[in-house]
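Before any comments, here is the structure.
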Amino acid sequence: MPSATSSSLDIVVIGAGLGGLAAAISCALGGHKVTVLEQARELAEIGAGLQITPNASRLFQQWGIDKVLEPLAAEPTFLAVHRYSDGKVLALQKDFDKKIRAKYGAPFLDLHRVDLQKTLAQRAKDLGVKLRLNSKVTSVDFEKSTLQLDDGATYEADLLVGADGLWSKCRAHFLKQSGKEDAPLPTGDLAYRIVLNLEDLQDPELRQWVSKPACHFWIGPGAHVVAYSVRGGHQYNIVLLVPDNLPPDVSRSSGDISEMREIFTKWDPILNRFLDNVKTVDKWKLMHRPELDSWVSKKSNFVFLGDSCHPMLPYLAQGANSSLEDGAVLGNLLAVVKGKEQLPEALRLYENLRKKRGEAIVRETFAQRNDFHMMDGEEQEARDKLFAGELGKDEPEVKFPSRWTCPVVQPWLYGYDAKKEVDDALRGSSLVQ
Ligand SMILES: Cc1cc2nc3c(=O)[nH]c(=O)nc-3n(C[C@H](O)[C@H](O)[C@H](O)COP(=O)(O)OP(=O)(O)OC[C@H]3O[C@@H](n4cnc5c(N)ncnc54)[C@H](O)[C@@H]3O)c2cc1C
């Protein structure tokens, strides 16, 4: 365990989601005293799949949890994009797992969110982080560097980290200082989230799809589907992304299976065979938020990360990955900070490194929607022609409508190395003089 010294900062992280726990681990590794406040009574036992890309799995290596997580994951051996109606393969990358490891030095892991959150929480605790459950933050005082819980308890810290997700209370208090407010906005889409157990599937072909990990997309008019194995091929995660028909004030509800099936009746028969096995499904409204002017408080005693400041569509699987990047960059910068008088410079660098990238990823997720959700017609035919021109090649060679294998977007996303970014930014900074 790194030892806290007299120059250690007191850091309080609000929210034990993936971003908050990443920040906690990274800041603790940097030698600081960290407390995480989480409103939930326990870390959820429920959840669904999560695709972790090399920009984040690289961090697991740095945090010493890669060997714990890799056996819990499934590593897709190929990635296929299918036409919605007949399953025709539009794009295919074979040996996806090997190519990703060779290119980025870190794997593409399909994990269950619960496994990831628990592993991060355990690592944080092992590093001396205090994890306080049942601790709901109700207000933040940016002048005094304090916050209050719903039971009246008060915490003071050198740095408060707002990692409280899409519905961030911290964000409301932050904006209130300048007389502003905002709220999560509908993206127009919702997600049906499904997890199937291998042991419950009888159909041999479906069982093979689950036990031989791969990542499949079906793309169609106004909707798409992503499906992949998790937990070593013992579970299958399917997400159906469709137009939002939830009432404006409902962000999550249990889904109606017949309504869900109706949307996909004309889609690939194998997808429908999977859907035949669905017994329960959840429906999530997909939300985003306007960009903030700044992620750092005027007194440099508060900073945002994750969904609280850059929530996005899950169409590139970057929400959690970019939150983990945020946490890593923050901790790596704070590792060279010797006292709170250096926080303004450290947080300035954090915002420089993270805000532009986080917001650019958000925009890219909307661009991916445009390319995946095209109505049948001329534009879609041109897209599919572009796909067809690259089919059979080892890797696509042109800017590609599926950013998952695009030679421009994929390296920008997966090649990001939080440690290197910080090392480069610190060169010449007053923090290391
Ligand atoms: C359908 C779907 C599929 C997705 N798939 C992927 C994927 O494959 N890959 C990927 O990278 N991302 C994916 N995402 C996105 C990802 O889940 C989020 O971006 C990520 O979890 C955000 O992490 P976070 O820590 O910022 O916020 P959260 O995970 O929302 O965590 C916030 C935490 O703060 C706590 N909290 C909130 N308010 C308070 C308070 N007042 N006091 C104390 N605690 C509080 C909450 O209880 C929660 O634990 C997906 C999202 C959806 C909807």
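Picking from F78, F96, which residue would you name as being among the aromatic types (F, W, Y) and under 20 Å from Y416 (Cβ atoms)?
On the way: F78 fails: under 20 Å from Y416 (Cβ atoms).
Answer to the selection: F96.
Got at least one residue in region 47-62 being within 23 Å of Q342 (Cβ to Cβ) and surrounded by fewer than 23 Cβ atoms within 10 Å (Cβ to Cβ)?
Going residue by residue through region 47-62, those that are within 23 Å of Q342 (Cβ to Cβ) are 62.
When the remaining residues are screened for being surrounded by fewer than 23 Cβ atoms within 10 Å (Cβ to Cβ), the result is 62.
Among the residues of region 47-62, at least one is within 23 Å of Q342 (Cβ to Cβ) and surrounded by fewer than 23 Cβ atoms within 10 Å (Cβ to Cβ), which makes the answer yes.
Restricting attention to region 112-141, the residues being within 16 Å of A56 (Cβ to Cβ) and either within 9 Å of the ligand (Cβ to nearest atom) or free of Cβ contacts under 8 Å to residues at least 12 places away in the same chain (or both) number 2.
Hey, any hits in region 322-330 for a residue that's among the polar types (S, T, N, Q), touching a Ser or Thr at 6+ places or on another chain (Cβ under 8 Å) and either closer than 16 Å to G428 by Cα or within 14 Å of the ligand (Cβ to nearest atom) (or both)?
Pass one, region 322-330, residues among the polar types (S, T, N, Q): 322-323.
Pick out the ones that are also touching a Ser or Thr at 6+ places or on another chain (Cβ under 8 Å) and you get none.
No, the conditions are met nowhere in region 322-330.
Scanning region 268-290 for residues that are part of a strand (DSSP E or B) and closer than 17 Å to D256 by Cβ gives D282, K283, W284, K285. Among the criteria (1) touching a Cys at 6+ places or on another chain (Cβ under 7 Å); (2) in a helix (DSSP H, G or I), the one K399 does not fulfil is (2). Of all residue pairs spaced 6 or more apart or on separate chains, those with beta-carbon atoms under 7 Å, a first member in region 26-45 that is under 20 Å from Y155 (Cβ atoms) and within 14 Å of the ligand (Cβ to nearest atom) and a second member that is part of a loop (DSSP other than H, G, I, E, B) and of a type in the set (K, R) are Q39/K136. Restricting the first member to region 317-331 and to residues that are in contact (Cβ under 8 Å) with a residue 60 or more places away in the chain and under 13 Å from A163 (Cβ atoms), and the second to residues that are among the basic types (K, R) and near the ligand (Cβ under 6 Å from one of its atoms), no beta-carbon pair is closer than 9 Å while six or more apart or on different chains.
Is there a residue in region 358-365 that is closer than 22 Å to K103 by Cβ, over 20 Å from the mean Cα position of the chain (by Cα) and β-branched (V, I, T)? No; the residues of region 358-365 include none that is closer than 22 Å to K103 by Cβ, over 20 Å from the mean Cα position of the chain (by Cα) and β-branched (V, I, T). Restricting the first member to region 394-411 and to residues that are at pLDDT below 95, and the second to residues that are of a type in the set (S, T, N, Q), the beta-carbon pairs closer than 6 Å and six or more apart or on different chains are P396/T405.
Away from the ligand (no atom under 12 Å from the Cβ), modelled with pLDDT of 95 or more and in contact with a Leu (Cβ under 7 Å, 6 or more places away or on another chain): is that true of N272 in this structure? When the stated conditions are applied, N272 does not pass them. Failed condition for A191, given (1) touching a Phe, Trp or Tyr at 6+ places or on another chain (Cβ under 6 Å); (2) over 30 Å from I14 (Cα atoms), with all others met? A191 satisfies every listed condition except (2).
The values are calculated or read from the model by the stated rules, or taken from the named source; none is laboratory data. Remember, it's a predicted structure, so these values are computed and weren't measured experimentally. All Cβ positions, glycine included, derive from the backbone under ideal geometry; neighbour counts span all protein chains shown.
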